[in-house]
Amino acid sequence: MKRNLFHSVLQKEIERIDHSHTAKRGEKIIEGFTDDPSPRAIIKKKRYLIFNSNDYLGLRFESALRKGEENASQTFGTGPGAVRFISGTFKVYKDLEKALATFHKREDAMIFSSAFAANLAVLFCMIKGQSKDSLVSGDTLVVSDSLNHRSIIDGIRIANLPKEQRLIYKHLDYANLKEIIVSNTARYKRVLIVTDGIFSMLGEYVNLDKIRKIIETHESKYEEGVHLVVDDSHGVASLGANGQGVEEVTRAKADILVGTMGKGFGADGGYVVADKIVIDYLRESAASYIYSNSISPGVAGAALSAVNLVKSSKGKKLLRKSKDNIKLFKQLMKKAGFQFAADSIHPIQPVWIGDTKKTKALTEDLFKEGILVTNINYPVVPQGKDEIRVQISASHEVKDIEYFVKVITKSGKKLAII
Ligand SMILES: Cc1ncc(COP(=O)(O)O)c(C=O)c1O
């Protein structure tokens, strides 16, 4: 009986979410993919062009990744069987960590089940130690961009710092960031600046070089310095001629870089690259690494093939094609009269609509014409900033982009958006 009362609270909460227009459980179920150069998703036997995937280079259907996956699962089986420190450390995991460290020019790397799990671990462990005996005290000031990803917000949240020790700077506002660091001088032993590399709603990138300059100028004022943590999940294997993400584009480096293998790399799982001392410390402290399985050996095999592919001439060609596709998309959309919510150089292209109903109607029109795209509405973005988030892939052909623009132009005119 009491259980029913709690269930009615849950029911009301679901209704509250449904009314806020942010419900997510009515997903479209993809039954398979076609073997077109840009594979179409099959939904209720109909084919759809995909303009809302993070598979920026189209790697998830590459034969090299499938072979890597198959070889690893033939050798190691389908699951890890245990966490890393028990009997779950396989050669394929060590090979992948070495490849990621080399790819990002770092001393060491460590893989996690996801980038979300990596962020929780990195932030909790760098802010506080694992146990009450830890020598890492909570004497840290955390400064975080206001639009950071949920996994960063939660990582900071679980460290349970007093409010004055977890400050938020205005989105991409480097003057505000500097102000916070200067005004807290010497109050804490160390500072942790945390930011996304690419912000997933607008495709904007962070100017790491500007943050590095602030750090250089002010870090001596804190006993244990100022450290930069960057989550470049959307940037790795998508941005830069070598696919090294926001670090390559801004020619500046994070102290700790978090990435995912589940977007541009076309596989799954998260990772951290950093100095060996940091990785050694995380291996001894990160709960989501110590007490949780790693990715499956097959996924690690696919990810290892993906890193090698991105480094090859074929990878560089795909990165160039991605850049060309983005350029073509922006040109055609601007010519058709559409505006962008931000001037993004990344495959995430935010098409500004500015009205919730029109955004929804536009997405539905595109769906009817065989195109998958995501509408982003208030409260995810501020009121009046409703947008269609288009994600361009290197696997798109010119005719796919032209078809998209043709369909959205027709609908945009009908809805008086352009
Ligand atoms: C900035 C950022 N970090 C982390 C993640 C989560 O990545 P993963 O799926 O590997 O947990 C995402 C994906 O939405 C993201 O946008």
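The figures follow:
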| read-out | value |
| --- | --- |
| Per-residue Cβ neighbour rank within 10 angstrom, fewest leading, TYR271, TYR222 | TYR222, TYR271 |
| Near-label residues of region 151-179 by backbone N, under 13 Å of a point 7 Å along Cα→Cβ of ASN207 | 172-178 |
| Most positive-pole-ward Cα, GLY262, VAL226, ILE277, against dipole of the chain from beta carbon charges | GLY262 |
| Gain on full stretching of the segment that runs from PHE6 to ALA23 - 0.36 nm per residue minus C-alpha separation | 4.1 nm |
| Among 299-311, 341-353, 73-85, 227-239, the order from most to least packed when residues are scored by Cβ within 10 Å on average | 227-239, 299-311, 341-353, 73-85 |
| Backbone N under 14 Å from the GLU364 label point (7 Å along Cα→Cβ), restricted to region 48-63 | none |
| Listed residues ILE42, ILE215, ILE111, most fluctuating in the chain (Gaussian network, C-alpha, under 10 Å) | ILE42 |
| For region 284-331, convex hull volume per residue from C-alpha positions, Å³ | 132 Å³ |
| Region 69-163: equivalent-ellipsoid semi-axes (sqrt of 5 x gyration tensor eigenvalues, Cα, Å) | 31, 16, 13 |
| Gained length - ALA64 relative to LEU135, 0.36 nm times residue gap less alpha-carbon distance | 21.1 nm |
| Region 123-245 - Rg over Rh from alpha carbon coordinates, Kirkwood radius | 0.97 |
| At R0 = 45 Å, FRET efficiency that the Cβ-Cβ distance of THR102 and LYS44 yields, to 0.05 | 0.50 |
| Pair-distance profile P(r), taking every C-alpha pair of the chain, with 20 angstrom steps and integer % | 25, 55, 20, 0 |
| Footprinting exposure proxy for MET261, MET201, MET1, MET333 (fewest neighbouring C-beta atoms within 10 Å first) | MET1, MET201, MET333, MET261 |
| Added length on full extension, which subtracts the Cα-Cα distance from 0.36 nm per residue, ASP173 to ALA416 | 84.1 nm |
| Of all DSSP beta bridges in region 64-311, antiparallel share, percent nearest 5 | 35 percent |
| Hydrodynamic radius (Kirkwood) for region 353-399, which is based on Cα pairs only, to one decimal in Å | 11.4 Å |
| Size of electric dipole in region 187-263: Cβ of Lys, Arg +1 and of Asp, Glu -1, about Cα centre, debye, nearest 20 | 200 debye |
| Segments 119-132, 97-110, 176-189 sorted - mean Cβ within 10 Å per residue, highest first | 119-132, 97-110, 176-189 |
| Between helix 398-414 and the chain: long-axis angle, C-alpha atoms, 0 to 90°, nearest 10 | 70 degrees |
| Entries in LYS335/LYS410; LYS28/LYS368; LYS357/LYS399; LYS24/LYS360; LYS45/LYS414; LYS360/LYS399 that, when Cα-Cα distance is taken, lie over 19 Å | LYS357/LYS399; LYS45/LYS414; LYS360/LYS399 |
| Virtual spin-label span in nm between ASP36 and LYS253, 7 Å along Cα→Cβ | 4.3 nm |
| Region 1-128 - convex hull of alpha carbons, volume per residue in Å³ | 265 Å³ |
| Computed over region 64-311, Cα set: Rg, Dmax in Å | 17.7, 57 |
| Per-residue [θ]222 nm for the chain (sum of -39500 (n - 2.57) over DSSP H runs n ≥ 4, rounded to 500) | -13500 deg cm²/dmol |
| Label point distance in nm, ARG16-LYS276, each placed 7 Å from Cα along Cα→Cβ | 5.2 nm |
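FYI, it's all coordinate maths here, none of it is from the lab. Worth saying up front: this structure is predicted, and the values here are computed from it rather than measured. Positions of Cβ are generated from backbone atoms using ideal geometry, with glycine treated the same way; all protein chains shown enter the neighbour counts.
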